[in-house]
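Here is the structure we will look at, set down as structure tokens.
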Amino acid sequence: MALTQYNTATTIDGFIADENNSLDWLFRVEAEGTRDRFAEFLAGVGAMAMGATTYQWVLDHERVLDDPAKWKSWYGERPSWVFTHRELPPIPGADVRFVRGDVRPVHAEMVEAAGGANVWLVGGGELVGQFADHGLLDEIIIGIAPVTLGAGAPLLPRRLDGVLELTSAEVINKAFVEVRYRVRRDGA
């Protein structure tokens, strides 16, 4: 069964980006072998979604509009939905769809487009929280980095009491810990 998964990296103190919405902290600690794990994860993904801030950071930091082939080299032909309330530039040749509003009908489109593969919720935490609010989140995969920021964008700004079941925890090359949680529904 295909899953809707939130797979992200976080600091020990629970932030996915710093107070300037930057992910630079992550690339200073990236451990050997994490790229291979990410490639394995991405192989099971058929569609993905992200918020406007995440999309804008990728455009700016990676200069994707100067070299649109980067997007395809990372994500292939996967359709991507960007939730936004502002105008953002499309990436030439990439299947990027700009949407706003309720996540439920968009999730249905994503599941259909994924064709039986998983749906990846890239970030940010507030967007993922909206999927969780509507019972559309199946799994949370977190790479915990040996960094503290003290402030920034929180991992998931929601209370999820009693619905997360730890399914695995693994040390990755003495730098990261990857934990996986299943999101239980209806007490199951």
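The values are calculated or read from the model by the stated rules, or taken from the named source; none is laboratory data. Here the structure is a predicted model, which is why all the values come from computation and not from measurement. Heads up, the Cβs are rebuilt from the backbone with ideal geometry, glycines too, and the neighbour counts pull from every protein chain shown. What goes into the accessible areas is simple: the full protein's heavy atoms, side chains included, and nothing from ligands, DNA or RNA. Shrake-Rupley method; radii C 1.70, N 1.55, O 1.52, S 1.80 Å.
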Original post:
Would a scan of region 102-109 turn up a residue that is among the acidic types (D, E), touching a Ser or Thr at 6+ places or on another chain (Cβ under 7 Å) and in contact (Cβ under 8 Å) with a residue 24 or more places away in the chain?
Top reply: no
Subject >> Test: L88 is open to solvent by 60 Å² or more (accessible area, probe 1.4 Å), outside any helix (DSSP H, G or I) and in contact with a helix residue (DSSP H, G or I) (Cβ under 7 Å, 6 or more places away or on another chain) >> reply: no
Original post:
What single numbered condition from (1) more than 23 Å from F15 (Cα to Cα); (2) polar (S, T, N, Q); (3) in contact (Cβ under 8 Å) with a residue 12 or more places away in the chain; (4) open to solvent by 20 Å² or more (accessible area, probe 1.4 Å) fails to hold for T54?
Top reply: (1)
**OP:** Quick one: L59 ticks every box in (1) over 22 Å from A17 (Cα atoms); (2) part of a helix (DSSP H, G or I); (3) among the aliphatic types (A, V, I, L, M) except a single one, so which number is it?
**Re:** (1)
**OP:** Those residues that are hydrophobic (A, V, I, L, M, F, W, C) and either at pLDDT below 95 or more than 27 Å from D95 (Cα to Cα) (or both), I need them from region 133-152; list them, please.
**Re:** I144, A145, V147, L149, A151
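Yes or no, residue by residue, for (1) part of a loop (DSSP other than H, G, I, E, B); (2) open to solvent by 30 Å² or more (accessible area, probe 1.4 Å); (3) more than 20 Å from E40 (Cα to Cα):
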site	(1), (2), (3)
W81	no, no, yes
F98	no, yes, yes
A108	no, yes, yes
L121	no, no, no
E126	no, yes, yes
I140	no, no, no
G143	no, no, no
R158	yes, yes, yes
Original post:
Does G135 satisfy being part of a loop (DSSP other than H, G, I, E, B), in contact (Cβ under 8 Å) with a residue 40 or more places away in the chain and either under 21 Å from S80 (Cα atoms) or open to solvent by less than 30 Å² (accessible area, probe 1.4 Å) (or both)?
Top reply: yes
Original post:
Can you spot a residue in region 26-37 that is under 25 Å from L136 (Cα atoms) and modelled with pLDDT under 95?
Top reply: yes
